[in-house]
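Peer 1: Below you'll find the structure I mean.
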Amino acid sequence: MKVLWEREIPADEIVVSPRPVWKCRSCPMYGKRPSCPPHVPDWREAKEWVHSFKRAFIIKFEIDMARFEEDKREVLLYLLRREEELFKEGKMYATALFPGNCNLCDDCPFERGEPCKLPTKVRPSIDAIGIEIGRLVKIDFSESVLYGMVLIE
C-alpha cells in the first residue's frame, strides 16, 4: 500500500445521495459488516452530518491486488491514524471514512452475529453513507487504487 496523494476539499463539494447505498445492496458483504448498511446512518442523516463539516481530506492509495485484503487493512489503519493525528491537532470531530467494508479483523465475528471486536475503530464506508466519490475524483478502473476520506472541522 502506498499513499499517492492527499487533497483537502471543501465539505460542501461532497455529494451524498441514495445511489451509492443502492449499489451496496449488490455487494456480497451487504449487511454483514458494521461499516456497511444497514448498520450505518442512512444517506439522509449522513447528508446532514457530512455537511456539518467544513473540510475533508480525500486520500488516494495504490494497492497490490494480489494482496488486496492486507493492503486494504493497511489503508484502514492509515485512515484511523490520520484521524487520530487530526484529533490531536485539535480537530475534535475528525472522522475517517473507509473505502468499502471493514476488514480490520481476519475473521469478523460480526458476520456470525457476534459483537464486533473493534467497535471503537470501525468507521462507515464512504459508499455506505451515500457519498458519491466519483463526483470528487476521476475513477479509472484500470488503476489498483482505493480512496479514503477524513472529514474535518
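Peer 1: Under a point spin-label approximation (7 Å from Cα along Cα-to-Cβ), what is the Met1-Asp64 distance to one decimal in nm?
Peer 2: Calculated label separation equals 1.4 nm.
Peer 1: Once fully extended, how much extra length lies between Glu153 and Glu8, figured as 0.36 nm per residue of separation less the alpha-carbon to alpha-carbon distance?
Peer 2: Full-extension gain reported as 51.0 nm.
Peer 1: Simple spin-label model, 7 Å along Cα-to-Cβ: Arg81 to Arg19 in nm?
Peer 2: Between Arg81 and Arg19, the label points sit 3.4 nm apart.
Peer 1: Taking the Cα centroid of the stretch 136-153 and of the stretch 71-93, what is the distance between the two, rounded to the nearest whole Å?
Peer 2: 16
Peer 1: If each residue of separation counts as 0.36 nm, what is the full-extension length gain between Asp42 and Cys105 once their alpha-carbon separation is subtracted?
Peer 2: 20.2 nm
Peer 1: Does the stretch 10-83 classify as rounded, prolate or oblate by the C-alpha gyration tensor (a ≥ b ≥ c root eigenvalues; a/c under 1.5 gives rounded; else a/b over b/c gives prolate, otherwise oblate)? Before the final figure, lay out the partial values.
Peer 2: Details: a/c = 2.06, a/b = 1.20, b/c = 1.71.
In terms of gyration-tensor shape, oblate.
Peer 1: Then there is this: Between beta-carbons, use under 12 Å as the cut-off and find the net charge around Ser52, counting Lys and Arg +1, Asp and Glu -1.
Peer 2: Values: positive: Lys47, Lys54, Arg55; negative: Asp12, Glu45, Glu48, Glu153.
Net local charge, Ser52 excluded: -1.
Peer 1: Among the lysines in the chain, how many pairs, 8 or more places apart or on different chains, have alpha carbons under 16 Å apart?
Peer 2: Counting lysine pairs in the chain gives 8.
Peer 1: Now, a different point. Which of the following values of mean projected area of the Cα convex hull in nm² was calculated from the structure shown: [x] 15.6; [y] 9.4; [z] 8.7?
Peer 2: Here the calculated entry is [z].
Peer 1: Using a ≥ b ≥ c from the Cα gyration tensor of the stretch 87-153 (square roots of the eigenvalues), is it rounded, prolate or oblate, where a/c under 1.5 gives rounded and otherwise the larger of a/b and b/c decides, a/b for prolate?
Peer 2: Oblate is the answer for the stretch 87-153, as a/c is 1.5 or above yet b/c matches or exceeds a/b.
Peer 1: What is the dipole size for the chain, taken about its Cα centre, with +1 at each Lys and Arg Cβ and -1 at each Asp and Glu Cβ, in debye to the nearest 20? Could you put the intermediate results ahead of the total?
Peer 2: Values: 25 positive and 26 negative charges, 56 e Å.
Taking the Cα centre of the chain as origin, the dipole is about 260 debye.
Every number here is computed from the coordinates shown, using simple stated rules; none is lab data. Quick caveat: nothing in here was measured; it's all calculated off a predicted structure. Don't worry about glycine lacking a Cβ; one is built from the backbone with ideal geometry, like all the others, and counts go over all protein chains shown.
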